[in-house]
There are 4 protein chains.
Amino acid sequence: MIKVAIVGASGYTGVELLRLLLNHPQVEITCVTSRQNAGTPISSVFPSLMGRSDLVFDPVDVDLITARAELVFTALPHKAAMEVVPDLLRAGCKVVDLSADYRLRDAATYELWYQPHTSVELLSEAVYGLPELYRSQIRGARLVANPGCYPTSVVLALAPLIEQNKVFLSSLIIDSKSGTSGAGRSARVGSLFCEVNEGFKAYGVGNHRHTPEIEQTLAALAGEPVAVSFTPHLLPVNRGILSTCYAGLSDPLSTEALVAFYRERYADEPFVRIHPAGEWPNVTYVRGSNYCNIGLFSDARTGRVIVVSVIDNLLKGASSQAVQNMNLMLGLEETCGLGDLPLFP
Amino acid sequence: MIKVAIVGASGYTGVELLRLLLNHPQVEITCVTSRQNAGTPISSVFPSLMGRSDLVFDPVDVDLITARAELVFTALPHKAAMEVVPDLLRAGCKVVDLSADYRLRDAATYELWYQPHTSVELLSEAVYGLPELYRSQIRGARLVANPGCYPTSVVLALAPLIEQNKVFLSSLIIDSKSGTSGAGRSARVGSLFCEVNEGFKAYGVGNHRHTPEIEQTLAALAGEPVAVSFTPHLLPVNRGILSTCYAGLSDPLSTEALVAFYRERYADEPFVRIHPAGEWPNVTYVRGSNYCNIGLFSDARTGRVIVVSVIDNLLKGASSQAVQNMNLMLGLEETCGLGDLPLFP
Amino acid sequence: MIKVAIVGASGYTGVELLRLLLNHPQVEITCVTSRQNAGTPISSVFPSLMGRSDLVFDPVDVDLITARAELVFTALPHKAAMEVVPDLLRAGCKVVDLSADYRLRDAATYELWYQPHTSVELLSEAVYGLPELYRSQIRGARLVANPGCYPTSVVLALAPLIEQNKVFLSSLIIDSKSGTSGAGRSARVGSLFCEVNEGFKAYGVGNHRHTPEIEQTLAALAGEPVAVSFTPHLLPVNRGILSTCYAGLSDPLSTEALVAFYRERYADEPFVRIHPAGEWPNVTYVRGSNYCNIGLFSDARTGRVIVVSVIDNLLKGASSQAVQNMNLMLGLEETCGLGDLPLFP
Amino acid sequence: MIKVAIVGASGYTGVELLRLLLNHPQVEITCVTSRQNAGTPISSVFPSLMGRSDLVFDPVDVDLITARAELVFTALPHKAAMEVVPDLLRAGCKVVDLSADYRLRDAATYELWYQPHTSVELLSEAVYGLPELYRSQIRGARLVANPGCYPTSVVLALAPLIEQNKVFLSSLIIDSKSGTSGAGRSARVGSLFCEVNEGFKAYGVGNHRHTPEIEQTLAALAGEPVAVSFTPHLLPVNRGILSTCYAGLSDPLSTEALVAFYRERYADEPFVRIHPAGEWPNVTYVRGSNYCNIGLFSDARTGRVIVVSVIDNLLKGASSQAVQNMNLMLGLEETCGLGDLPLFP
């Protein structure tokens, strides 16, 4: 069993990493840390885990972590992550970082959207952990920057079109909707049940921090800069992201041809599923799993293609994608421990 | 007290008409019909109304209705509506029709999206019941076609831009999300709690019947044909529509100027509220009321404006807009009986 | 117009008082206070109220409040309430206090369940504001202690049986379920959407603070001490309390006789509605209204009666009951401003 | 791989059986039937299963089923089940029946609550499939009657007290709350999203069909007849049952002693977890798993014990308990294929 640690495991991505790794046949969790819950058993913080683990939260102590684990998941807020990742690497650990700190290639862009970057030297080394695009680089990586939830849903939806130059880059409009677990587990009025339930709103219009991450990845595929309209919305569900993407086709393409094109592109991908023409994904089709489902429509009236993708934001959008990256980095079967079927209803 | 009837009052728009009209100070409900519930007290079908009315559902009988009422709300499915509306008018009643049957000016368009039209002669007379656009025509109308829920949210969001020729007509993309009451009260697997709850999906992509209604109204404002991309989605909430509208600006305009422009356009409208720059509407801000709230953003990076509007689909999107139309048709104060503030939380 | 103030108006009961009083035909809100939101327009804190009021939150200043209003609603946490209520009374205001501070007759009991009581001298004067039991005393009161949400639902359910000595007092078991707005608007992890949604739990088992309030009121009706089992649960809905009450009948009584007995008891009550035998209330039947609905069953197999009551916890359980009390205290029509029908669906 | 079939697999328990068995390491699904979906791939009916199985629904044909499988799950409505179970047994299959048809020992009781019983001869052979009570009998059974969802939650909560004669049998009151998937997947107005969401109600008060099943099992433990008050309620969540059980203690017992007593009773049970004193289960702690969590309180004031249990009604209340029974019947490890941890949030 390979020894792994989770740093910052008291949020929603943390409990999902715990759930997945406790059932993973090839790894063993040897250390979990939490500033606020140090000294508390994980099953007291997360009673869903009762009876399955005696792990107790440790304080965040790099020496302790690196003594116990060979691969570390850092599930910390941005800024906090880059304060520990360099030390973890220096001590010889591999790292899957779930924060935003190593996702953007360009420190200036990072600093424009976040705050000063204190670990710039690792930016060129970090691999963007989207296996459907960067599988081979991930295999050899010491540091993987696990993608954001929205970017995962958007890039999987649009990559085939952009790789093959099928749409006008200036025409990209992305209307995304995320479940509330994406807002994390901190106590804020805006995340209270009574504020979210029976509600729906746009937020971060024109300035959401996932915009540069989306643009960077699409630009790399396009070979030229890309600017998108990206509008996130808050859904009154626990889990799930659905992104509705609009793009102007450079050449006409039928819906059937579009479906065939996506099926071919993702033929070898174990976690991408393409719906037949006329059928559309629901976030319930992927809940609790590592899948991304995609539906497609080509609108002859307007010359636009509409691509709808769904993922579980805590899984393919965070924790299970992190495990997929870990599997690749450790030379394990990529799908190992990720066989859960979606929970419906 | 003016006597009014509701034909087809056993659905969600029906119960909302009952709620509003039972509290309306100038009208009296003298007849409610329901094929399936004939003979049953309305408070048995809708226990929320217990103790406030002795009304009993009648079968649908035009003579009975026209003998008892001077204005009739027809809350029937399309096709069923046009089977009774001509007779109601012939007997001297005014009619607010909540179905789709009289919304489209052009019978051929109607027949393309619905089925054969059997009441074509009334199409030119029917007034599209959006008071913010057609107030004076509604005042004189015998027959008002109450707008669809999606079109109400979309047209109020885009009308100012199109009236003043501020956006490229070919650039309009509308991403709408509706609460589940929009699907009506009929028993279908797809509307079951366990299918909708914790879910989210697009539906009717590229072929939703509200598309021609939106395009017709926008085209009338533009003075030329308009084709839009319109994608509806199903929200796991009871009530509320939020439409996120994207349009390419023909000339640059700051967000502040945009807000000022909308405020001026809607300055005299009692039911349209414009958010300040940087604030966005939530469907909870209008739930249970006749309001439409609008938020605005002008994105210099992409040259697009983003307009987000919210309404309660059962109220401004159906029943309270119908009452607003009734008030105008009867020469009452337009806001009469529509003073309910939104119910939050 | 009679001038009223709301002290502590930035929570959920506060916004409901604002909604009700802004539409009340006989009173005018002249002052609203909030420590945290002082200086902010109420419509910025509650966008649902946009366009209907220019009121701005004031800091909590007793001189200001008493200069502007003749009746004051104190919507403060317990302890904070009794710090201002004596001064408000001293300045000649009438007070409807929505906190727990004046509900319990006995200071020792209060101090057992809460903390030291600093306004003991007013306890004997305060009238428990349940109009169905204490209407005449409320009419003459300077200080009304507005009942708790659970106690309102429970006492209306059980009062008829206990007044008439029809059940064994030692047999009372109350299983209550409340919507999440009952937990207030403060930011706590336990009230986050993702913690509450799709969840259900018991809490405060055996030690909830509404227990002594329930027992005090039932004991007053019984003329002897009463001890109940009271178990509250947290429902994943915004609004609504449903209490399922079990009691052993001292003499057999059919369900039909039970229904008739309740109908007679509440015949003159405008806000209590009794379901026919075999029909049961749903919290949706009262949402947004001042109603209490009650369903009844007498189980010959076990000799027990089962009484199920529902209220909107923010309305009959708090704000609209406070307005009902205000109407009585000011000599207005008891139902004035309380005519809203429940919002369904 | 042992070959198994699922008869009637198009409902919610069906899709859960499919999900569990597709991932079960020791069995293979060789046949799934559905009257309404015959000829359709299971992944078209349940897109959550896309890409994981090529199974197609067959019509219900006993010869086909028995030719393909050695153990059959019958997930049919009551009455329909007993029309096929005898033939399946006769052909040599083992059967786990998820309907109510073989749960009651006494045909007369069955006929009182359901309809005439046409398979009476099998009643004495059928084993009630609650492993925590009847493990050894299940191991040798040809026919297991999988328990109802409510009875599972109630019997696990009360069995320790009744086995050891610790409570008055006449004092049992059970207040249960179930998620909406318990109502099945058929299209009925009462199960529509807008009817259930934001609602809560009691139903089947005094006459729910799980009452005799609960009473039969408790009576078997007590060695004498038992009559309980059982009140089910409908929760606006997809999954989960919480039962709050009240019982008068025959001898005083502290909460701590009670917890210790339950821990001892269930020490060897892999799927029952007892909360420490002062902590209470939430349905979210078991969602997606085969666990039953139990919280306890002994109330010295009233002499009553309060036991709160939670299960996932589709899993420990139906499909995963059926797999647990299958494992026992086939001589497999009891926990095989049931290792899923609960999905939180």
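The values are calculated or read from the model by the stated rules, or taken from the named source; none is laboratory data. Since the structure is predicted, the reported quantities are computational estimates derived from the model, not experimental observations. Reconstructed Cβ throughout: ideal geometry from the backbone, glycine too, with neighbour counts over all protein chains shown.
Observations, loosely collected:
- Condition met for D:L328 (within 11 Å of chain A (Cβ to nearest Cβ), in contact (Cβ under 8 Å) with a residue 60 or more places away in the chain and of a type outside the set (F, W, Y)): no
- Matching residues in segment D:263-308 - criterion: being touching a Lys or Arg at 6+ places or on another chain (Cβ under 9 Å) and of a type in the set (S, T, Y): D:Y266, D:T284, D:Y285, D:S289, D:Y291, D:S298
- Whether a residue is of a type in the set (D, E, K, R), closer than 27 Å to B:Y102 by Cα and more than 10 Å from every other protein chain (Cβ to nearest Cβ) was assessed, and B:E213 passes this test.
- Condition met for A:F168 (within 14 Å of chain B (Cβ to nearest Cβ), surrounded by fewer than 23 Cβ atoms within 10 Å (Cβ to Cβ) and in contact (Cβ under 8 Å) with a residue 60 or more places away in the chain): yes
- Residue, farthest from the other protein chains (Cβ to nearest Cβ), within segment A:257-277, restricted to residues that are under 20 Å from A:I311 (Cβ atoms) and among the charged types (D, E, K, R): A:R265
- Some residue of segment A:170-180 being farther than 30 Å from C:G182 by Cα, in a helix (DSSP H, G or I) and at pLDDT 95 or above: yes
- Residue match in segment C:183-203 (condition: more than 14 Å from chain D (Cβ to nearest Cβ), touching a residue at least 40 places away in the same chain (Cβ under 8 Å) and in a strand (DSSP E or B)): no
- Matching residues, segment D:190-225, being modelled with pLDDT of 95 or more and among the small types (G, A, S): D:G190, D:S191, D:G199, D:A202, D:G204, D:A219, D:A220, D:A222, D:G223
- Exactly one residue among A:L89, A:L104 is out of contact with any Cys (no Cβ under 7 Å at 6 or more places or on another chain), buried (at least 18 other Cβ atoms within 10 Å of the Cβ), at pLDDT 95 or above and farther than 16 Å from A:T66 by Cβ, and that residue is A:L104.
- Residue selected from segment D:43-76 under the condition assigned to a helix (DSSP H, G or I) and within 14 Å of chain A (Cβ to nearest Cβ), by the criterion nearest to D:L330 (Cα to Cα): D:L49
- Here B:L133 does not fit the description of being part of a helix (DSSP H, G or I), assigned by TED's automatic domain parsing to the domain that holds B:V283 and not acidic (D, E).
- Inter-residue pairs, beta-carbon under 7 Å, first closer than 12 Å to A:A80 by Cα and in segment A:102-121, second of a type in the set (S, T, Y) and at pLDDT 95 or above, 6+ apart: A:H117/A:Y110
- Scanning segment D:302-322 for residues that are under 18 Å from D:I2 (Cβ atoms) and within 14 Å of chain A (Cβ to nearest Cβ) yields a total of 2.
- Those residues of segment C:186-200 which are surrounded by 16 or more Cβ atoms within 10 Å (Cβ to Cβ) and within 22 Å of the chain's Cα centre (by Cα), in sequence order: C:S191
- Of all the criteria given as (1) without any contact (Cβ under 8 Å) to a residue 60 or more places away in the chain; (2) buried (at least 24 other Cβ atoms within 10 Å of the Cβ); (3) not aliphatic (A, V, I, L, M), the one not satisfied by D:E215 is (2).
- Verdict on C:G8 being among the small types (G, A, S) and surrounded by 21 or more Cβ atoms within 10 Å (Cβ to Cβ): yes
- Out of C:S229, C:S254, C:S243, sole residue that is polar (S, T, N, Q), surrounded by 22 or more Cβ atoms within 10 Å (Cβ to Cβ) and more than 9 Å from chain D (Cβ to nearest Cβ): C:S243
- Here is the figure for segment D:331-345: residues that are facing another protein chain (nearest Cβ under 9 Å) and either in contact (Cβ under 8 Å) with a residue 24 or more places away in the chain or not small (G, A, S) (or both) total 6.
- Residue match in segment C:279-297 (condition: over 21 Å from the mean Cα position of the chain (by Cα), more than 9 Å from chain B (Cβ to nearest Cβ) and acidic (D, E)): no
- Qualifying residues in segment C:20-42 (those that are in contact (Cβ under 8 Å) with a residue 40 or more places away in the chain and in a helix (DSSP H, G or I)) - the one nearest to C:R239 (Cα to Cα): C:L20
- Identity of the residue in segment C:18-42, out of contact with any Phe, Trp or Tyr (no Cβ under 7 Å at 6 or more places or on another chain) and farther than 21 Å from B:D340 by Cα, that ends up nearest to the other protein chains (Cβ to nearest Cβ): C:Q36
- In a residue-by-residue description of segment B:272-281, the property of being modelled with pLDDT of 95 or more, of a type in the set (A, V, I, L, M) and more than 25 Å from B:L17 (Cα to Cα) applies to at least one position.
Here is a yes/no grid of residues against (1) within 30 Å of B:I306 (Cβ to Cβ); (2) aromatic (F, W, Y):
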position	(1), (2)
B:T74	no, no
B:R90	no, no
B:Y102	no, yes
B:R105	yes, no
B:T109	yes, no
B:R142	no, no
B:F168	yes, yes
B:L172	yes, no
B:L192	no, no
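- Selection status of C:S153, closer than 28 Å to C:Q36 by Cβ, of a type outside the set (A, V, I, L, M, F, W, C) and part of a helix (DSSP H, G or I): no
- Yes/no for C:D101 being among the acidic types (D, E), touching a His at 6+ places or on another chain (Cβ under 7 Å) and more than 30 Å from B:A277 (Cβ to Cβ): yes
- Qualifying position, being basic (K, R), surrounded by 15 or more Cβ atoms within 10 Å (Cβ to Cβ), more than 14 Å from every other protein chain (Cβ to nearest Cβ) and more than 15 Å from A:N146 (Cβ to Cβ), among A:K94, A:K79: A:K79
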